[in-house]
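S.K.: Input: one structure, supplied below.
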Amino acid sequence: MILNTPNFSISPTHHTPNDQSVLIAFEGNQTLLRQDGDQYQLISWPDIAPYLPEQFIPFELAHSEETSIFCPPIHEAFALPEGTPFVYRDMSTFRQMETNDAALLISSFHLWSWYHKNRFCGCCAHPLTPDQYERALRCQSCGNLIFPTIAPAVIVAITCGDRILLARNARGNFRHYALIAGFVEVGETLEQALHREVMEEVGLPIHSIKYIGNQPWGVSGSMMFAFHAQADDQLALTLQESEISSAKWFDRSELEQRQNSQSIAFELIERFRKGIL
Ligand SMILES: [Zn+2]
């Protein structure tokens, strides 16, 4: 781990909310936040409690140090009355938040999304219920026990001397030049996934692979394993057009300091820019 990631625990504690707790609500890819000018923060329990209906039963998602994280009951409609100081914002708003809040929000989203996508047993289609002791969903009909899933992914800073290879995604909302990344496939090692992803996306052989660090990345339900690798910048690039719209080598001096995107990708590019990768 190279980023300052807070401790995050999903073990059920059965605590009730207190003054240190926060309430995080999601609606599709949006999350409810407190807006303060152009700043966004997690919502403290004392701030939101007066607006909640009397019969509201908070669901404990996780905790971090002294902060317990609650959300509305997973499969029930949740509507706040008009006139609250809270707004639904796209999940990408985490990039404008303080690092600790952003990390808690991202991992909470990971867990909430898992609950949201696992309502029924995959073996017998019976409704699933949260297990009392473990962070798991249990089928009362066939006994199937389902644990939260994490998809491993690799991300790599490919360099050649003072140049770094950056690529622009053909899909998705993130339109900046970025590092090559992709999910690990069944049966692959992390290193095999790296070679395959880079070869598929830009057609380059890489060598001198070095592990740098990792980051839980709940935005895509994954764990990012970050690497540094080297390649020959004289070789032709062959782009996978369905994934990559353009890719090119940037000289270290061409890189501008970016806004912190709270990601290990930002950290890798920033390290290269400063000459410490
Ligand atoms: Zn079942």
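The values are calculated or read from the model by the stated rules, or taken from the named source; none is laboratory data. Quick caveat, the model's predicted, so the values are computed rather than measured. Neighbour counts are summed over all protein chains in view; Cβ atoms, including those assigned to glycine, are modelled from backbone coordinates with ideal geometry.
S.K.: List pairs: first in segment 124-143 and of a type in the set (S, T, N, Q), second within 7 Å of the ligand (Cβ to nearest atom), Cβ under 6 Å, 6+ apart or cross-chain?
M.R.: If the second residue must be within 7 Å of the ligand (Cβ to nearest atom), the pairs left are Ser141/Cys124; Ser141/His126.
S.K.: Can you tell me which residues in segment 42-58 are loosely packed, with under 15 Cβ neighbours inside 10 Å and more than 16 Å from Pro81 (Cα to Cα)?
M.R.: Once the filter is applied, which keeps residues that are loosely packed, with under 15 Cβ neighbours inside 10 Å and more than 16 Å from Pro81 (Cα to Cα), segment 42-58 yields Pro46, Ile57.
S.K.: Right, here's the next one. Any idea which of Glu27, Glu66, Glu98 is outside the structural domain of Met224 (by TED's automatic domain parsing), closer than 22 Å to Thr5 by Cβ and within 21 Å of the chain's Cα centre (by Cα)? Can you show your working first?
M.R.: Working: Glu27 fails: closer than 22 Å to Thr5 by Cβ; Glu66 fails: within 21 Å of the chain's Cα centre (by Cα).
Going through Glu27, Glu66, Glu98 in turn, just one is outside the structural domain of Met224 (by TED's automatic domain parsing), closer than 22 Å to Thr5 by Cβ and within 21 Å of the chain's Cα centre (by Cα): Glu98.
S.K.: Whether any residue in segment 165-174 is within 16 Å of the ligand (Cβ to nearest atom), in a loop (DSSP other than H, G, I, E, B) and at pLDDT below 95 is what I want to check. If you could, list the steps in order and put the result at the bottom.
M.R.: Start the filter on segment 165-174 by keeping residues that are within 16 Å of the ligand (Cβ to nearest atom), which leaves none.
Scanning segment 165-174, I find no residue that is within 16 Å of the ligand (Cβ to nearest atom), in a loop (DSSP other than H, G, I, E, B) and at pLDDT below 95, so the answer is no.
S.K.: Using the structure shown, decide if Pro81 is more than 16 Å from the ligand (Cβ to nearest atom), at pLDDT 95 or above and out of contact with any Ser or Thr (no Cβ under 9 Å at 6 or more places or on another chain).
M.R.: Numbers: more than 16 Å from the ligand (Cβ to nearest atom): yes; at pLDDT 95 or above: no; out of contact with any Ser or Thr (no Cβ under 9 Å at 6 or more places or on another chain): yes.
No.
S.K.: Quick check on segment 169-187. Is at least one of its residues over 22 Å from the mean Cα position of the chain (by Cα), among the β-branched types (Val, Ile, Thr), surrounded by fewer than 20 Cβ atoms within 10 Å (Cβ to Cβ) and at negative phi? Lay out the reasoning, then the answer.
M.R.: The initial filter retains those residues of segment 169-187 that are over 22 Å from the mean Cα position of the chain (by Cα), namely 187.
Restricting the remaining residues to those that are among the β-branched types (Val, Ile, Thr) gives none.
No; the residues of segment 169-187 include none that is over 22 Å from the mean Cα position of the chain (by Cα), among the β-branched types (Val, Ile, Thr), surrounded by fewer than 20 Cβ atoms within 10 Å (Cβ to Cβ) and at negative phi.
S.K.: Based on this model, can you work out whether Asp36 counts as at pLDDT 90 or above and not hydroxyl-bearing (Ser, Thr, Tyr)?
M.R.: Values: at pLDDT 90 or above: no; not hydroxyl-bearing (Ser, Thr, Tyr): yes.
No; evaluated as a whole, the condition is false for this residue.
S.K.: Then there is this: Among (1) within 30 Å of Phe266 (Cβ to Cβ); (2) within 16 Å of the ligand (Cβ to nearest atom), there is one condition Arg95 misses while meeting the rest; what is its number?
M.R.: Here Arg95 meets the rest and fails (2).
S.K.: Right, here's the next one. Hey, any hits in segment 118-131 for a residue that's within 12 Å of the ligand (Cβ to nearest atom), outside the structural domain of Ile269 (by TED's automatic domain parsing) and touching an Asp or Glu at 6+ places or on another chain (Cβ under 9 Å)?
M.R.: no
S.K.: Does any residue of segment 186-197 turn out to be more than 29 Å from Gln30 (Cβ to Cβ), in a strand (DSSP E or B) and touching a helix residue (DSSP H, G or I) at 6+ places or on another chain (Cβ under 9 Å)?
M.R.: Step one: filter segment 186-197 for residues more than 29 Å from Gln30 (Cβ to Cβ), giving 186-197.
Retained after the next criterion (residues that are in a strand (DSSP E or B)): none.
No, that holds for no residue.
S.K.: On to the next question. When you scan segment 20-32, how many residues do you find that are under 15 Å from Leu52 (Cα atoms) and of a type outside the set (S, T, N, Q)? Spell out how you get there, then give the answer.
M.R.: Taking segment 20-32 and keeping what is under 15 Å from Leu52 (Cα atoms), we get 21-25, 32.
Those still in the list that are of a type outside the set (S, T, N, Q) too: 22-25, 32.
Going through segment 20-32 one residue at a time, the tally reaches 5.
S.K.: Under 7 Å between Cβ atoms, at least 6 apart or on separate chains: pull out the pairs that start in segment 231-249 with a residue that is assigned by TED's automatic domain parsing to the domain that holds Ile164 and end on any residue that is surrounded by fewer than 13 Cβ atoms within 10 Å (Cβ to Cβ).
M.R.: Once the first residue is assigned by TED's automatic domain parsing to the domain that holds Ile164 and sits in segment 231-249, its partners that are surrounded by fewer than 13 Cβ atoms within 10 Å (Cβ to Cβ) give Ala231/Pro205.
S.K.: Would you tally the residues in segment 149-162 being under 25 Å from the mean Cα position of the chain (by Cα) and surrounded by fewer than 16 Cβ atoms within 10 Å (Cβ to Cβ)?
M.R.: 4
S.K.: Does segment 9-25 contain at least one residue that is assigned to a loop (DSSP other than H, G, I, E, B), closer than 30 Å to Ile155 by Cβ and among the charged types (D, E, K, R)?
M.R.: First, the residues of segment 9-25 that are assigned to a loop (DSSP other than H, G, I, E, B): 10-21, 24-25.
From the residues that got through so far, the ones that are closer than 30 Å to Ile155 by Cβ too are 10-11, 24-25.
Within this subset, residues satisfying the condition of being among the charged types (D, E, K, R) are none.
Looking for residues that are assigned to a loop (DSSP other than H, G, I, E, B), closer than 30 Å to Ile155 by Cβ and among the charged types (D, E, K, R), one finds none in segment 9-25, hence no.
S.K.: Filter segment 133-148 for residues that are more than 19 Å from Phe109 (Cβ to Cβ) and surrounded by fewer than 14 Cβ atoms within 10 Å (Cβ to Cβ); which is farthest from the ligand (Cβ to nearest atom)?
M.R.: Of everything passing the filter in segment 133-148, Tyr133 is farthest from the ligand (Cβ to nearest atom).
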